[in-house]
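Trainee: Got a structure for you, questions after.
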Amino acid sequence: MGKLGIYIQVPFCQTKCTYCNFHTGVVSAGRFPPYADAVCREIREHQALLRVAGVEWGEDNRRAAAECKVVDTVYIGGGTPSLLEPALLADMLSALRESFACSWEEVTLEADPETIEAEKVTQWAAAGINRISLGTQSFADDELKAAGRMHRRGDIYRAVAILRAAGIRNISFDLIAGLPKQSRENWLASLYELVELSPAHVSVYMMEIDEGSRLGLEVLQGGTRYSARDLPSEEQMAEFYENAQAILKAAGYQQYEISNWAKPGFASKHNLKYWKREPYLGFGAGAHSFSGTQRWANAHDAAAYVAAISTGRSASENVERVSREQAFEEELFLGLRQLHGIDLRRIQREYNVNLEEKVDRLASAGMIEREGELVRLAAAKLSISNEVIVELLR
Ligand code: SF4
């Protein structure tokens with residue numbers, strides 16, 4: 001039986017990091033309880049709300065309704081959901097237990113290191129949270145400061161000690177390659193400190209420069225604020241990524257996705273659902289959902305979301321049926337992000353598309369590797385994955 005993943009979005013932060021291009025806001029703590037109430041209501045009334053929005057959930061959706069009744073993964077992301085009172089997070093998890101058959105294997109909370117306190121962590125664990133995704137980003141204080149982060153290197157060590165003392169072993173660290181002021185020495189030092197702390201899981205993200213963030217806009221406009229002139233070059237970033245691959249591999253981590261590494265048995269069960277195109281339901285402002293045949297997202301604006309849900313209206317927008325062509329493109333984009341690769345025979349059977357010739361050409365050019373019917377990106381080409389995938393789709 002397929003299992004269902006649930007995502008809950010908490011779009012609030014203490015400050016806005018300079019590089020952040022997410023739809024998150026800095027609001028007073030008084031806005032948290034009404035938001036949590038709206039999420040609980042959306043969870044409890046999800047069937048009626050989805051029906052009103054035009055989503056076929058629990059009706060004629062074969063994969064979602066018939067196979068995915070049991071929720072086995074929950075991911076509370078943001079934003080900084082660890083800012084919320086633990087009781088509010090516990091309320092959301094209780095609403096899930098009341099509304100779905102639950103057999104939870106992985107319940108993740110995204111947390112920033114400076115928000116970790118012993119009392120809070122005890123309550124998180126009691127509520128069922130068993131995995132923490134820690135927004136470490138870097139171990140270099142000058143990088144953290146330049147990026148507008150609230151925590152410093154010392155907070156990471158303090159947080160990990162508290163989490164482990166509370167029995168939470170499944171900890172994931174995020175690192176960002178390409179932060180302002182990041183030197184090769186700093187980057188290597190961050191990687192070695194991370195390996196020393198030995199989290200179960202690691203995500204390494206490449207800095208994105210676009211107009212969605214203050215830093216990105218400054219760079220694009222040629223300005224100097226936010227240390228915009230102190231960014232590593234694209235070549236340096238590619239080298240940082242290769243450093244991460246080598247150091248994490250030597251430390252016993254298995255890379256299972258372009259941005260993700262895990263100790264054996266600790267690959268993120270929830271995130272794998274996204275890459276495998278398995279159904280998931282999202283609750284909260286801006287949360288995305290996928291039923292197997294339709295995709296949709298809630299309104300991004302937290303106030304608009306709360307106003308809709310608290311008056312019994314659906315917050316879902318852009319309900320879209322996934323066409324066969326889109327599904328095929330998703331299979332390639334998402335499938336090839338995974339180091340395991342894609343099964344050529346299955347793709348050809350399900351989509352009636354013959355990729356043999358392109359695969360052979362890209363394999364001879366060293367872009368992809370083929371092992372029987374399995375096709376995967378060549379390890380050295382992971383940092384330019386999009387170019388390879390576009391070539392395959394051409
Ligand atoms: S903590 Fe994360 S979501 Fe919040 S502003 Fe920083 S990068 Fe954005």
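FYI, it's all coordinate maths here, none of it is from the lab. It should be emphasised that the depicted structure is a prediction, and the values quoted were computed from it without experimental measurement. Cβ: placed from backbone, ideal geometry, glycine included. Neighbour counts: every protein chain shown.
Trainee: What would the Debye formula give as log10 I(q)/I(0) at q = 0.09 Å⁻¹ for the alpha-carbon point model of the chain, no solvent?
Mentor: After summing over all Cα pairs, the log10 values are -0.56.
Trainee: Let's see if you can work this out: charge +1 on each Lys and Arg Cβ, -1 on each Asp and Glu Cβ, no other charges. What is the dipole magnitude of segment 69-205 about its Cα centre, in debye to the nearest 20?
Mentor: That gives segment 69-205 a dipole magnitude of about 140 debye.
Trainee: When you have a sec, figure out the Kirkwood radius of segment 249-394 from all distinct Cα pair distances and drop it here in Å to one decimal?
Mentor: Here the Kirkwood hydrodynamic radius works out to 17.2 Å.
Trainee: Arrange the following residues from fewest to most other Cβ atoms within 10 Å of their Cβ: K358, K249, K3.
Mentor: Going from sparsest to densest Cβ surroundings: K249, K358, K3.
Trainee: Using Cα pairs closer than 8 Å and at least 6 residues apart in sequence, work out the relative contact order for segment 1-141, in percent.
Mentor: Computed value for segment 1-141: 29 percent relative contact order.
Trainee: Anything over 31 Å Cα to Cα? Flag those among K69/K358; K263/K381; K263/K358; K145/K273; K69/K381, in the order listed.
Mentor: K69/K358; K263/K358; K145/K273; K69/K381
Trainee: If you take every DSSP beta bridge whose two residues both sit in the chain, what share of them, in percent to the nearest 5, is antiparallel?
Mentor: 40
Trainee: Using the crude model of +1 on Lys and Arg Cβ and -1 on Asp and Glu Cβ, and no other charge, please compute the dipole size for segment 167-219 relative to its Cα centre, in debye to 20.
Mentor: Result for segment 167-219 is approximately 180 debye, rounded to the nearest 20.
Trainee: Can I ask one more? So what is the relative contact order of the chain, in percent, for Cα pairs below 8 Å that sit 6 or more residues apart?
Mentor: 17
Trainee: Hey, what does the equivalent ellipsoid look like for segment 14-125, semi-axes from the Cα gyration tensor as sqrt of 5 times each eigenvalue, largest first, whole Å?
Mentor: For segment 14-125, the ellipsoid semi-axes come out as 28, 17, 14 Å.
Trainee: Let me ask something additional. Helix-only estimate, please: 222 nm mean residue ellipticity of the chain, summing -39500 (n - 2.57) across DSSP H runs of length 4 or more and dividing by its residues, to the nearest 500.
Mentor: The helix contribution divided over the chain gives -12000 deg cm²/dmol.
Trainee: Further question: Could you tell me which of L336, N386, F12 has its Cα farthest along the dipole of the chain towards the positive end, charges placed at Cβ (Lys, Arg +1; Asp, Glu -1), taken about the Cα centre?
Mentor: F12
Trainee: Still on this structure: Give me the tail of P(r) for segment 110-173 as a percent: Cα-Cα pairs with distance above 20 Å.
Mentor: Here the tail beyond 20 Å accounts for 23 percent of pairs.
Trainee: Which whole-number percent is the relative contact order of segment 177-281 (Cα, under 8 Å, 6+ apart)?
Mentor: This gives 32 percent for segment 177-281.
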